Amino acid sequence: MSQIDPEAFRQFEHEGWQEVASRYHEGFAAVTTQSVDALLDAARVSQGVRVLDVATGPGYVVAAAVGRGANAIGIDFSSEMVEEARGRYPGIEFQEGDAENLSFSDASFDAVVLNFGMLHLGRPEQALREAHRVLRPAGRIAFTVWDTPDRAIGFGIVIDSIRKHGDLNVSIPPGPPFFRFSDPEESKRALTAAGFTDITVTGVAQVWRLSSPDALFEVMRHGSVRNAALLRAQKPDVLEAIRMEIRQRVEEHNNELPMPAVLVAGVRS
Ligand SMILES: C[S@@+](CC[C@H](N)C(=O)[O-])C[C@H]1O[C@@H](n2cnc3c(N)ncnc32)[C@H](O)[C@@H]1O
């Protein structure tokens with residue numbers, strides 16, 4: 001595997017999220033919002049709990065936490081995403097900020113959550129250390145990632161289709177493996193190393209109901225970052241073959257794709 005340059009990867013992700021911020025909601029909200037309640041339950045978010053939502057995107061998790069009476073704030077390193085979140089949820093606090101270098105004081109939150117954020121970080125261990133630092137003792141961390149592509153079928157279809165017709169080894173800045181934290185043992189290892197205890201890993205069943213057989217290709221092509229770059233790097237005739245393959249596979253599932261999440265939680269020691 002190529003050497004990871006975390007800074008180059010961060011730059012690549014940052015440019016990507018700035019670019020897709022206004023389209024992300026239309027593409028992914030229908031599926032990423034399905035795990036929000038389980039995530040907040042795992043972090044024991046209720047009335048008066050101080051919550052930090054890292055990599056908040058359009059702010060769904062913060063809004064749900066505020067709905068539970070929590071004191072919640074969302075941060076994202078993309079100024080465009082922060083604008084999306086502020087526009088969507090006026091009156092809720094969103095700030096620009098980096099998961100790997102939080103601007104908050106030590107022990108200032110009861111809960112830190114990340115909904116599908118961990119898999120976009122160049123230095124996820126550093127983000128876990130930062131979460132640990134800003135949590136009070138016995139505070140809780142919880143994060144979701146996608147399950148492996150054999151189960152999160154939307155990703156399985158895209159990866160298989162590129163592998164079949166195109167090239168998965170195109171030149172994009174390499175990052176940590178996309179499905180690294182889908183592995184319960186790896187998640188436990190990383191949380192333990194960052195100083196968390198009482199670690200649990202559970203599954204969250206989710207289904208992506210797509211509006212048409214073409215929607216998966218369109219969402220990945222125009223509303224994601226790593227997958228969009230993979231698709232963009234294919235030759236035009238190859239891309240068309242990939243598009244047709246994805247379309248057919250989505251049709252075989254009647255436009256309804258299982259997209260389970262893996263939910264990881266721990267307690268700050
Ligand atoms: C897949 S989206 C998840 C958005 C939202 N949490 C949800 O549930 O739909 C990933 C988000 O992570 C943000 N992000 C990626 N790297 C980040 C970093 N180092 N610090 C803060 N945010 C980051 C992106 O800008 C993007 O908004």
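A short reminder: the numbers here are calculations on the coordinates, not readings from a lab. For clarity, every value in this text was computed on a predicted model and none was experimentally measured. Please note: Cβ atoms are built from the backbone with ideal geometry, for glycine as well, and neighbour counts cover all protein chains shown.
Based on C-alpha pairs under 8 angstrom that are at least 6 apart in sequence, the stretch 110-269 has a relative contact order of 37 percent. Rounded to the nearest 20, the size of the Cβ-charge dipole of the stretch 66-119 about its Cα centre is 300 debye, with Lys and Arg at +1 and Asp and Glu at -1. Spin-label pair HIS222-ALA29: with each label point 7 Å from Cα along the Cα-Cβ axis, the two points sit 1.6 nm from one another.
Per residue, the convex hull around the alpha carbon atoms of the stretch 78-187 comes to 145 Å³. Computed packing ranks the peptides 190-203, 109-122 as 109-122, 190-203, most packed first, by mean other Cβ atoms within 10 Å. Among PRO58, PRO90, PRO124, the largest mean-square fluctuation in a Gaussian network model of the chain, built with springs joining Cα atoms closer than 10 Å, belongs to PRO90.
Mean sequence separation of contacting Cα pairs (under 8 Å, at least six apart), scaled by the length of the chain, corresponds to a relative contact order of 23 percent. Listed by Cβ neighbour count within 10 Å, with the fewest neighbours leading, VAL207, VAL51, VAL262, VAL225 appear as VAL207, VAL225, VAL262, VAL51. Secondary structure note: in the chain, about 50% of the DSSP beta bridges are antiparallel. For the chain, modelled as a GNM with alpha-carbon contacts under 10 angstrom, which of ARG123, ARG232, ARG44 fluctuates the most? Taking springs between Cα atoms under 10 Å, the residue moving most is ARG232. Couplings for the stretch 198-208, taken from phi via the Karplus curve 6.51 cos²θ - 1.76 cosθ + 1.60 with θ = phi - 60°, read 6, 7, 10, 10, 10, x, 10, 6, 9, 10, 9 Hz in order; Gly and Pro are left as x.
Can you classify the stretch 16-150 as rounded, prolate or oblate using the Cα gyration tensor, where a ≥ b ≥ c are the square roots of its eigenvalues, rounded means a/c under 1.5, and otherwise it's prolate if a/b beats b/c and oblate if not?
Values: a/c = 1.31, a/b = 1.23, b/c = 1.07.
The shape class here is rounded.
Other residues with beta-carbon under 15 Å from the beta-carbon of VAL31 carry, at +1 per Lys or Arg and -1 per Asp or Glu, a net charge of -2. Applying 0.36 nm per residue to the separation of SER103 and LEU168 and subtracting their alpha-carbon distance, the gain on full extension is 19.7 nm. Remark on GLN95: its backbone amide H falls under 5 Å from those of GLY74, ILE75, ASP76, a criterion applied only to residues 5 or more positions apart or on other chains, H modelled at 1.01 Å from N.
Taking a ≥ b ≥ c as the square roots of the eigenvalues of the Cα gyration tensor, the chain is prolate, since a/c reaches 1.5 or more and a/b is larger than b/c.
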